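Enquirer: Here's a structure for you.
Derivation of every value follows stated rules applied to the coordinates shown; laboratory data play no part. From a predicted model like this one, the values you see are computed outputs, not experimental measurements. No Cβ is skipped: glycine too gets one built from the backbone with ideal geometry, and neighbour counts run over all protein chains shown.
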Amino acid sequence: QQPVQSPQAVILREGEDAVINCSSSKALYSVHWYRQKHGEAPVFLMILLKGGEQKGHEKISASFNEKKQQSSLYLTASQLSYSGTYFCGTGQGGAQKLVFGQGTRLTINP
Amino acid sequence: GAGVSQSPSNKVTEKGKDVELRCDPISGHTALYWYRQSLGQGLEFLIYFQGNSAPDKSGLPSDRFSAERTGGSVSTLTIQRTQQEDSAVYLCASSANRGSRETQYFGPGTRLLVL
């Protein structure tokens with residue numbers, strides 16, 4: 001089951017904050033966040049694991065609510081380089097693979 | 001290697017031809033994944049390898065698609081009798097071990113265009 005990301009797109013000015021949400025109808029064992037710039041490979045940002053372990057990136061943080069099967073990615077004091085499409089990938093049940101959301105397109109303007 | 005590499009970076013083919021896409025994972029990574037990304041869309045899982053075995057092929061869209069992995073390293077995704085709807089970016093990722101708790105590192109992708 002594909003997780004749902006919201007919003008689908010957001011436009012900000014440099015320095016503003018953004019929150020991207022990822023919601024699943026299935027129990028989650030992990031949530032992975034990636035950023036993809038146009039024409040490039042997705043780049044790993046952060047992984048959140050059931051049980052609370054988190055491995056992250058400076059200046060970008062995330063939360064994982066296991067009971068609600070939701071994760072949120074927080075981008076504070078956004079920089080121009082934050083522009084791109086953000087994907088959450090979810091580990092569901094005992095599956096070894098990730099199921100990705102449809103992406104959130106973030107545009108940061110000067 | 002330093003990262004996941006894929007070849008070719010771009011491939012243009014005629015409808016009905018066969019194509020082979022190659023993925024070289026990060027050295028020592030035991031798990032390898034293939035995804036497809038259509039224009040403006042998310043990542044669609046195709047197949048996953050642990051070593052040379054493929055425990056999950058559930059994402060392959062038809063029997064025209066197949067993949068293999070040899071020596072626990074290089075993987076090849078083959079599309080036979082290509083169709084226009086096969087046009088997409090095919091991404092490969094590898095992780096140190098299997099499982100959804102492992103970080104996956106992506107290659108740059110192969111952009112396939114079927115005319």
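Enquirer: Stokes-Einstein at 10 °C, 1.306 mPa s, Kirkwood radius from Cα pairs: D for chain A in µm² s⁻¹?
Expert: Numbers: Rh = 13.9 Å.
It diffuses with D of about 115 µm²/s by this estimate.
Enquirer: Please label the shape of chain B as rounded, prolate or oblate, based on the square roots a ≥ b ≥ c of the eigenvalues of the alpha-carbon gyration tensor (a/c under 1.5 means rounded; beyond that, a/b larger than b/c means prolate, else oblate). Numbers along the way, then the final one.
Expert: On the way: a/c = 1.73, a/b = 1.64, b/c = 1.06.
Taking the square roots of the gyration eigenvalues as a ≥ b ≥ c, chain B is prolate.
Enquirer: Listed here are the pairs A:Lys68/A:Lys97; A:Lys37/B:Lys17; B:Lys15/B:Lys57; B:Lys11/B:Lys57; A:Lys37/A:Lys97; A:Lys59/B:Lys11; which of them are more than 28 Å apart at the Cα? Kindly include the intermediate steps, with their values, before the conclusion.
Expert: Numbers: A:Lys68/A:Lys97 21 Å; A:Lys37/B:Lys17 31 Å; B:Lys15/B:Lys57 24 Å; B:Lys11/B:Lys57 24 Å; A:Lys37/A:Lys97 23 Å; A:Lys59/B:Lys11 38 Å.
In this structure, A:Lys37/B:Lys17; A:Lys59/B:Lys11 exceed 28 Å between Cα atoms.
Enquirer: Please state the relative contact order of the range A:4-109 as a whole percent: Cα pairs under 8 Å, 6+ residues apart? Write out the running numbers ahead of the final one.
Expert: On the way: 249 pairs, mean separation 40.3, N = 106.
It rounds to 38 percent for the range A:4-109.
Enquirer: Averaged over A:100-110, how many beta carbons belonging to a partner chain fall within 10 Å of each residue's beta carbon? Please list the in-between numbers first.
Expert: Details: counts 7, 2, 4, 5, 0, 1, 0, 0, 0, 0, 0.
For peptide A:100-110, the averaged partner shielding equals 2.
Enquirer: Which residues among the range A:13-41 fall inside the zone where the amide N is under 17 Å from a point 7 Å beyond the Cα of A:Ala77, along Cα→Cβ?
Expert: Backbone N within reach: A:13-19.
Enquirer: Between B:Ser38 and A:Lys50, what is the label-to-label distance in nm when each label sits 7 Å out along the Cα-to-Cβ direction?
Expert: The two pseudo-label positions are separated by 3.1 nm.
Enquirer: Let me ask something additional. Ignoring trypsin sites (Lys or Arg not before Pro) that are buried or in helix or strand per DSSP, and keeping those with at most 10 other beta carbon atoms within 10 Å, what is the longest stretch of chain A between them? Could the numbers behind the result be given before it?
Expert: On the way: sites that count: A:Lys67, A:Lys68.
The reported range is A:1-66.
Enquirer: What is the protein assembly as shown by shape, rounded, prolate or oblate, if you read a ≥ b ≥ c off the alpha carbon gyration tensor as root eigenvalues and call it rounded for a/c under 1.5, prolate for a/b larger than b/c, and oblate otherwise?
Expert: On the way: a/c = 1.87, a/b = 1.42, b/c = 1.31.
The shape class here is prolate.
Enquirer: Now a separate question. List the aspartates and glutamates whose Cα sits under 18 Å from the Cα of A:Lys26, skipping any in the same chain fewer than 8 residues away.
Expert: Within the straight-line limit of under 18 Å, A:Lys26 reaches these aspartates and glutamates: A:Glu66, B:Glu44.
Enquirer: Enumerate the calculated ³J(HN,Hα) couplings along the range B:68-74 in order (Karplus 6.51 cos²θ - 1.76 cosθ + 1.60, θ = phi - 60°), each rounded to whole Hz, writing x wherever the residue is Gly or Pro.
Expert: These are the phi-based 3J(HN,Hα) values: 9, 9, 10, x, x, 10, 5 Hz.
Enquirer: At a Förster radius of 22 Å, what calculated FRET efficiency corresponds to the Cβ-Cβ distance of A:Ala9 and A:Lys68, to the nearest 0.05? Before the final figure, lay out each step's value.
Expert: Details: r = 23 Å, r/R0 = 1.07.
Efficiency for this residue pair is about 0.40.
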